[in-house]
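Take a look at the structure set out below.
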Amino acid sequence: MLLDTLKPLAPLFANPDILKIFHGADYDIVSLKRDYQFKIGPIFDTALAARAVGIKQFSLQSLIQQYFQVMLAKKYQKADWGFRPLSKAHLDYASLDTVYLDRLYRILNKAVQEKGRSDQVEEECALLQEMSWNGKPFDPNSYIRIKGVRVLSLNDQKVLRELVTTRDQLARQRNAPPFKVISSSILIEMAKAHPEDEDAMNTLFPKKNRSITKYLPMWLRAISKGLNSQVPLPEKEKRSGPPMTADLEKILKSLKSWRNTLAEAEGLEPAMILTGNALTEIIRLNPGSIDDLKAIPLIRAWQIRRYGENLLQEIAKAKNCLKNP
């Protein structure tokens, strides 16, 4: 049965008695809410569950291969899913991408229970299902969040800003996410070299890239516009709260060491204990009690139950070390 719209699925997604199983639910949930105004829940995220029990290779492909000895075809992961009608190969891949989820859920849910991490997964999944599209319009200065931008000169950053703006325009025209138009790493290379013509672009990228070739005049105009831009670059974002003093940095280093040792003992990624951002916020806000920890938005209830008292002890210990080196 073919559907012209996904809206008939709305009651299923909203039904509180039906568990919805996802793998890497965040983008799916945000998209379904944005495009179809779905209410979604409850959910179980197999990627999150895998990480909670210490599985290092937690991509869906890796998990399906590990538990069912089936290898999904990689070439369709980044294929163009926008054209219609989809080929049989695309449809077969899409069905295989979901057919194992129920069995995978049963395996991972059992592992989560055996590890005593049901409360963690339940809380994280509940937070995931509340995610929604933030509705922020494109900002040319969003280029500043691209990995590697900090090493660029000021002129190169102006070029990158124009390249990112051009990519966003093309993405809107194609109704595709920006990364599907061209990767940020390629834009970084253009911004550093700022080729002036087709020959220079071909020298910079000897391997043919369809997005470069097809939109070459637009990339070259963006580079030229960036080099001649008089629009100032954005100021560096100021961190909220007091600055990180040398003493606070030492306490943070001590807490990270504690966190990493704990993660190794539990067979988890350090971020599955406490993220670096959460630790930084803890240091800045200087909690002295469990109630203080509860007031920090970046800390989950399950983390406070599991690690709260120990965390407060480590903070006190680190402070004492500063007083009595």
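The values are calculated or read from the model by the stated rules, or taken from the named source; none is laboratory data. Every value quoted in this text rests on a predicted model; they were computed, and no experiment measured them. As a convention, Cβ positions derive from the backbone with ideal geometry for all residues, glycine included, and neighbour counts pool all protein chains shown.
Within the range 52-61, identify whether any single residue is surrounded by 14 or more Cβ atoms within 10 Å (Cβ to Cβ), more than 20 Å from Ala126 (Cα to Cα) and aliphatic (A, V, I, L, M), and answer yes or no.
yes
How about the range 9-33: which of its residues are outside any helix (DSSP H, G or I) and over 18 Å from Leu48 (Cβ atoms)?
Quick first cut of the range 9-33, residues outside any helix (DSSP H, G or I) only: 15-24.
Matches in the range 9-33: Asn15, Pro16, Asp17, Ile18.
Report yes if some residue within the range 55-72 is among the hydrophobic types (A, V, I, L, M, F, W, C), without any contact (Cβ under 8 Å) to a residue 24 or more places away in the chain and more than 25 Å from Met131 (Cβ to Cβ); otherwise report no.
From the range 55-72, those among the hydrophobic types (A, V, I, L, M, F, W, C) are 55, 58, 60, 63-64, 68, 70-72; that's our starting set.
When the remaining residues are screened for being without any contact (Cβ under 8 Å) to a residue 24 or more places away in the chain, the result is 55, 58, 71.
Filter once more, so that each one left must be more than 25 Å from Met131 (Cβ to Cβ): 71.
Scanning the range 55-72, I find at least one residue that is among the hydrophobic types (A, V, I, L, M, F, W, C), without any contact (Cβ under 8 Å) to a residue 24 or more places away in the chain and more than 25 Å from Met131 (Cβ to Cβ), so the answer is yes.
Only residues in the range 271-296 that are outside the structural domain of Asn310 (by TED's automatic domain parsing) count as the first member; pair them with residues that are not in a loop (DSSP other than H, G, I, E, B), Cβ under 7 angstrom, at least 6 apart or cross-chain, and list the lot.
No pair meets every condition.
Checking Lys207 against (1) at pLDDT below 95; (2) in contact with a helix residue (DSSP H, G or I) (Cβ under 8 Å, 6 or more places away or on another chain), which test does it fail?
Just one mismatch for Lys207, condition (2).
What pairs can you find where one residue is in the range 176-199 and assigned to a helix (DSSP H, G or I), the other is of a type in the set (Gly, Ala, Ser) and crowded, with 17+ Cβ neighbours inside 10 Å, and their Cβ atoms are less than 7 Å apart, with a gap of 6+ or different chains?
Taking only residues 6 or more apart or on different chains, the pairs are Pro178/Ala171; Val181/Ala171.
When residues of the range 34-48 are filtered for being surrounded by 18 or more Cβ atoms within 10 Å (Cβ to Cβ) and in a loop (DSSP other than H, G, I, E, B), how many remain? Quick ask: steps written out before the conclusion?
First pass over the range 34-48, keeping only residues surrounded by 18 or more Cβ atoms within 10 Å (Cβ to Cβ): 38, 40-41, 43-48.
Imposing the further condition that a residue be in a loop (DSSP other than H, G, I, E, B) reduces the set to 38, 40-41.
Number satisfying all stated conditions: 3.
Quick one: would you say Leu160 is hydrophobic (A, V, I, L, M, F, W, C), crowded, with 19+ Cβ neighbours inside 10 Å, in contact (Cβ under 8 Å) with a residue 60 or more places away in the chain and in a helix (DSSP H, G or I)? Working first, answer last.
On the way: hydrophobic (A, V, I, L, M, F, W, C): yes; crowded, with 19+ Cβ neighbours inside 10 Å: yes; in contact (Cβ under 8 Å) with a residue 60 or more places away in the chain: yes; in a helix (DSSP H, G or I): yes.
Yes, satisfied.
Going through the range 128-155 one residue at a time, which ones are in contact (Cβ under 8 Å) with a residue 40 or more places away in the chain and in a helix (DSSP H, G or I)?
Listed by number, the residues that qualify are Leu128, Asn141, Ile144, Leu154, Asn155.
Quickly run through the range 253-270 and pick out the residues that are touching a residue at least 40 places away in the same chain (Cβ under 8 Å) and within 30 Å of Gln57 (Cβ to Cβ).
Just the residues of the range 253-270 that are touching a residue at least 40 places away in the same chain (Cβ under 8 Å), to begin with: 254-255, 258, 262, 266-269.
If the condition is that a residue be touching a residue at least 40 places away in the same chain (Cβ under 8 Å) and within 30 Å of Gln57 (Cβ to Cβ), then Leu255, Trp258, Leu262, Glu266, Gly267, Leu268, Glu269 are the ones that fit.
Residue by residue through the range 16-33, note down the ones that are modelled with pLDDT of 95 or more, over 24 Å from Thr275 (Cβ atoms) and surrounded by 14 or more Cβ atoms within 10 Å (Cβ to Cβ).
Leu19, Lys20, Ile21
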